[in-house]
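> To start, I am sharing the structure in question, which I have written as structure tokens.
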Amino acid sequence: MKGFAMLGIGKTGWIEKERPHCGDYDALVTPLAVSPCTSDIHTVWEGAIGERNDMILGHEATGTVIETGKEVKDFHVGDRVIVSAITPDWGSLEAQAGYPMHSGGMLAGWKFSNIKDGVFADVFHVNEADANLALIPKGMSLESATMLCDMVPTGFHGAELANIAFGDTVCVIGIGPVGLMAVQASTMRGASQVIAIGSRPICVECAQKLGATDIIDYHNGPIDEQVLALTKGKGVDRVIVAGGDRTIFIAAITMLKPGGCVGNVNYFGNGETLEVPRIAWGCGMAHKRIEGGLMPGGRLRTEKLASLVNIGRFDPACLITHTFHGKEHINDALLLMKDKPQDLIKPLVILN
Ligand code: NDP
Ligand code: ZN
């Protein structure tokens, strides 16, 4: 079979690979639609998780089940499924402790395009199919369903990590597809003012549609100063970080009220350390928490998030600005994600 792979840091291309083996609890899936993630960009072009050779990329796919292991109960050949980007080992001690995304070691629930081949392939392997797949609800578009693999659960996890409560003021730093879903999640969790930080007009327009009450452009000066000015010096109750570089916590902590919380879902691709501002962090005593996390993954969470879309609460298909047809366009879509042109939020490649 063929797959579109990271050949080494900064290098990608199509390779031939053996079709994966399906274990007793597993499934093999052929993709219906895939989407590249900014994380693929950090992985390939920043070498963020180190060297990877001939590793098939991609962790966002909807697909059709083509084989199941003999112990798989709920999924069958021909089922159309949403495959979560994070596919934990649910029997692990880490999962039992409430951290399935770290099953088997830190970040090890993130298997596709990290510790095994990803989904930009003719066929890919899903461990623990009953726990890690979800059926695409009847009538749901591939656009909406594919955004449920990673963009929705990650943006929503940002709101969970920030622990948004009714009436909280929230700042969402970064309004790419992940940050936009964090804006959506903030409004659904009852935020009052939602300040969104970004610059590309297409993202700004989408943020406003999803509930952002104020927009700040980080090109117009330090964002903490702009947020403090907007809030009459008070700052915000919660911050979600979905963009920015390794100095972003300086602004995030400075704009946060004492007792507030930063929920980070950003993937910092370089640098040895991340900076925290001493004075704004109350010299260590401000009760300003930073929670950073990989999204949890799994069937139940995917089904629940899909039910929100299915019942009409929101539709993540609004994130897709570029649609390609055919696997020969996977590279085009990936390069769009790398270059982030003005008219891009998220590309989708439809395969079947
Ligand atoms: P994008 O690159 O599409 O969006 C980044 C956003 O940050 C844009 O709105 C951009 O603004 C803004 N931005 C850039 N620089 C700054 C700055 N200095 N200060 C403030 N804002 C800035 O990313 P995605 O939405 O695709 O992904 C966001 C992050 O989430 C990535 O790091 C990705 O790897 C990570 N991720 C994490 C996952 C997890 O489970 N934790 C899963 C999936 C992704 P502009 O409008 O100018 O472009
Ligand atoms: Zn991702």
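The values are calculated or read from the model by the stated rules, or taken from the named source; none is laboratory data. All figures in this text were calculated on a predicted structure; none of them were measured in a lab. Here Cβ is always computed from backbone atoms with ideal geometry, including for glycine, and neighbour counts include all displayed protein chains. Please note that ligands, DNA and RNA were not included when accessible areas were found on the heavy atoms of the full protein model with its side chains. Shrake-Rupley method; radii C 1.70, N 1.55, O 1.52, S 1.80 Å.
> Cut-off under 18 Å on the C-alpha distance; same-chain residues fewer than 8 positions from Lys338 excluded. Which aspartates and glutamates are left, in chain and number order?
Of all the aspartates and glutamates, those that pass the test against Lys338 - Cα under 18 Å, at least 8 places apart if same chain - are Asp40, Glu46, Glu60, Asp150, Asp245, Glu328.
> With a 1.4 Å probe and all protein chains left in place, how much of the accessible area of the chain comes from carbon and sulfur atoms, in whole percent?
Details: 7780 of 14520 Å².
Carbon and sulfur atoms account for 54 percent of the accessible area of the chain.
> Separate question: Under a crude label model (7 Å from the Cα following the beta-carbon direction), how far is Lys11 from Cys283 in nanometres?
Roughly 5.4 nm, to one decimal.
> Run the count for region 153-292, please: Lys pairs, Cα-Cα under 21 angstrom, 8 or more apart or on different chains.
Lysine pairs, 8 or more places apart or on different chains, close enough: 5.
> Follow-up. Could you tell me what percent of the DSSP beta bridges with both partners in the chain are antiparallel, to the nearest 5? Each step should come with its number before you reach the end.
Values: 28 of 54 bridges.
In the chain, DSSP labels about 50 percent of beta bridges as antiparallel.
> Using 1/(1 + (r/R0)^6) with R0 = 45 angstrom and r between the beta carbons of Asp339 and Lys70, what's the FRET efficiency to the nearest 0.05?
Values: r = 45 Å, r/R0 = 1.01.
According to the calculation, E is roughly 0.50.
> Who wins for biggest fluctuation among Ile223, Ile164, Ile136 in a Gaussian network model of the chain, springs between alpha carbons below 10 Å?
Its mean-square fluctuation being the largest, the pick is Ile223.
> Quick check on my link table: of Lys2/Lys73; Lys2/Lys116; Lys73/Lys304; Lys11/Lys111; Lys111/Lys340; Lys2/Lys304, which ones sit more than 23 Å apart, alpha carbon to alpha carbon?
Working: Lys2/Lys73 29 Å; Lys2/Lys116 15 Å; Lys73/Lys304 20 Å; Lys11/Lys111 20 Å; Lys111/Lys340 25 Å; Lys2/Lys304 33 Å.
Beyond 23 Å: Lys2/Lys73; Lys111/Lys340; Lys2/Lys304.
> On average, how much accessible surface per residue is there in region 153-292, in Å², for a 1.4 Å probe, leaving out ligands, DNA and RNA? Mind dumping the intermediate values first?
Numbers: 5930 Å² over 140 residues.
It amounts to 42 Å² per residue over region 153-292.
> How much mean residue ellipticity at 222 nm does the chain get from its helices, if each DSSP H run of length 4 or more adds -39500 (n - 2.57) and you divide by all residues, to the nearest 500 deg cm²/dmol? Walk me through the numbers on the way to the answer.
Numbers: 11 runs with 93 residues, N = 352.
Per the formula, -7500 deg cm²/dmol.
> Provide, as a two-decimal number, the C-alpha radius of gyration of the chain over 2.2 N^0.38 Å, N being how many residues it has. Before the final figure, lay out each step's value.
On the way: Rg = 19.7 Å, N = 352, 2.2 N^0.38 = 20.4 Å.
Dividing the Cα Rg of the chain by 2.2 N^0.38 Å gives 0.97.
> Under the classification rounded if a/c is under 1.5, otherwise prolate if a/b is larger than b/c and oblate if not, where does region 153-292 fall, given a ≥ b ≥ c as square roots of the Cα gyration tensor eigenvalues?
Working: a/c = 1.34, a/b = 1.24, b/c = 1.08.
Rounded, since a/c falls under 1.5.
> Which residues in region 104-135 place their backbone N less than 13 Å from a point set 7 Å from the Cα of Arg19 along the Cα-to-Cβ direction?
122-125
> I'd like the distance separating the alpha-carbon centroids of region 114-165 and region 86-103, in whole Å.
16 Å
> Still on this structure: List every residue whose amide H lies under 5 Å from the amide H of Val236, counting only residues 5 or more places away in sequence or on a different chain, with H placed 1.01 Å from N in the peptide plane.
Those qualifying (amide H under 5 Å, at least 5 residues apart or on another chain) are Leu256, Lys257.
> Quick check: from the Cα gyration tensor, does region 134-203 come out rounded (a/c under 1.5), prolate or oblate? Display every interim value, and only then the final one.
On the way: a/c = 2.43, a/b = 1.51, b/c = 1.61.
In terms of gyration-tensor shape, oblate.
> Select from Asn163, Asn132, Asn220 the residue whose mean-square fluctuation is largest in a Gaussian network model of the chain (Cα-Cα springs shorter than 10 Å).
Greatest mean-square fluctuation among the candidates belongs to Asn220.
> List residues of region 170-206, by number, whose backbone nitrogen lies under 16 Å from a label position 7 Å along Cα→C-beta of Asn163.
Output list for this probe position: 170.
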